[in-house]
1. Over its Cα atoms, what ratio of radius of gyration to 2.2 N^0.38 Å does the range 99-203 give?
2. Rounded to the nearest 500 deg cm²/dmol, what is the calculated helix-only ellipticity per residue at 222 nm for the chain, with -39500 (n - 2.57) per DSSP H run of length n ≥ 4?
3. Using +1 at the C-beta of Lys and Arg and -1 at the C-beta of Asp and Glu, which of Leu249, Ser137, Val150 has the Cα lying farthest in the positive direction of the dipole of the range 108-261?
4. Got a sec to turn the phi values of the range 127-134 into Karplus ³J(HN,Hα) couplings, 6.51 cos²θ - 1.76 cosθ + 1.60 with θ = phi - 60°, whole Hz, x for Gly and Pro?
5. With only Lys, Arg, Asp and Glu charged, each at its Cβ (+1 for the first two, -1 for the last two), find how big the charge dipole of the chain is about the Cα centre; round to the nearest 20 debye.
6. Tell me, what % of the accessible area of the range 104-147 is carbon and sulfur with a 1.4 angstrom probe?
7. When Lys and Arg each count +1 and Asp and Glu each count -1, what net charge do the other residues less than 11 Å away from Pro199, Cβ to Cβ, add up to?
8. Under the rule of at least 5 residues apart or a separate chain, name every residue whose amide H is placed under 5 Å from the amide H of Gln143.
Amino acid sequence: MTIGVFDSGLGGLAIARAIAELLPAYDYLYLGDTKRVPYGNRSQETIHGFTARALDFLFENDCRLVVIACNTASAESLRKSQQEYLPRNYPDRRILGVIIPTAEAAVEAGGRSVGVLATMSTVESGAYERELKRQSSEITVVQRPAPLLVPIIENDGLKYAGPILDDYLEGFESTDSLILGCTHYCVIKDEVRRRFTGPVVSSDEVVPPKLADYLRRHPEIEETLSKRGRRRYCVTDLTSSYASFAGRLAGADLPLEVVSI
Ligand code: DGL
């Protein structure tokens with residue numbers, strides 16, 4: 001069986017790439033819902049509906065375990081997917097999100113206040129704040145939505161990102177560490193690190209070792225995973241700009257397969 005990696009679009013390829021670099025033997029199926037991206041300004045109900053369709057596709061295609069790399073889908077739909085969708089549809093499969101491991105990494109980085117830069121839906125869900133405070137009740141959380149970053153990153157507009165980043169990061173002057181709470185922000189982590197002096201928590205660095213640890217702790221899942229090093233990259237819509245963005249994220253041209261979900 002396969003490991004699925006799901007994102008609202010292509011940003012999750014940075015996380016899929018990092019996972020496959022650390023754990024190359026497994027088979028992976030990536031799904032980017034490029035037809036419906038962005039999720040980051042939609043309602044919880046809509047995001048959960050989109051996520052359920054993506055999960056249907058991934059589980060129908062032999063995924064034993066799905067990593068929801070998308071922060072927005074993790075924030076708005078993970079709990080409901082684990083508590084309602086899985087028991088009803090695929091009780092023997094598993095879904096992991098990125099909020100808990102990323103919050104853990106921020107708490108491990110130390111400090112009393114944590115900043116969260118994320119999409120509007122992730123910020124409004126309060127998922128990071130809840131999780132950070134659950135892990136350490138003393139922590140202060142400062143959140144800021146950064147809606148302009150996703151389109152800039154997708155459209156290869158990094159040269160325009162400087163002043164926008166300067167403005168967004170102003171809100172975090174008093175925080176000790178900063179969570180990049182969106183798949184796309186992995187692409188600009190170096191620019192952020194040049195501007196923010198404390199630890200910057202980026203999911204492409206956090207999720208792969210946490211997944212390796214999960215697989216070590218769950219041999220009953222790990223033993224069912226096939227290890228032929230296969231990769232399949234699926235999207236729900238494909239244009240030339242998506243193809244070139246995917247290539248930039250993956251570091252190579254990717255064979256993107258269009259699927260209908
Ligand atoms: N993938 C989303 C996330 O990590 C960002 C893009 C979107 O808005 O769909 O939150």
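The values are calculated or read from the model by the stated rules, or taken from the named source; none is laboratory data. Being a predicted model, the structure only gives us computed values, none of them experimental. Cβ sites come from the backbone with ideal geometry, for glycine too, and all protein chains shown count toward neighbours. Just so you know, the surface numbers come from the protein's heavy atoms only, side chains and all, with ligands and any DNA or RNA stripped out. Shrake-Rupley method; radii C 1.70, N 1.55, O 1.52, S 1.80 Å.
1. Values: Rg = 12.8 Å, N = 105, 2.2 N^0.38 = 12.9 Å.
Expressed relative to 2.2 N^0.38 Å, the Cα Rg reads 0.99.
2. Details: 13 runs with 118 residues, N = 261.
After summing the helix terms and dividing by the residues of the chain, the value is -13000 deg cm²/dmol.
3. With unit charges placed on the Cβ atoms, the residue in question is Leu249.
4. Residue by residue, the range 127-134 yields 5, 5, 4, 4, 5, 5, 6, 5 Hz.
5. Numbers: 30 positive and 35 negative charges, 70 e Å.
For the chain, the charge dipole is close to 340 debye.
6. Values: 930 of 1990 Å².
Carbon-and-sulfur percentage of accessible area, whole number: 47.
7. Working: positive: Arg193; negative: Glu108, Asp176, Glu205.
Around Pro199, the surrounding residues sum to -2.
8. Answer set, sorted by chain and number: Val116.
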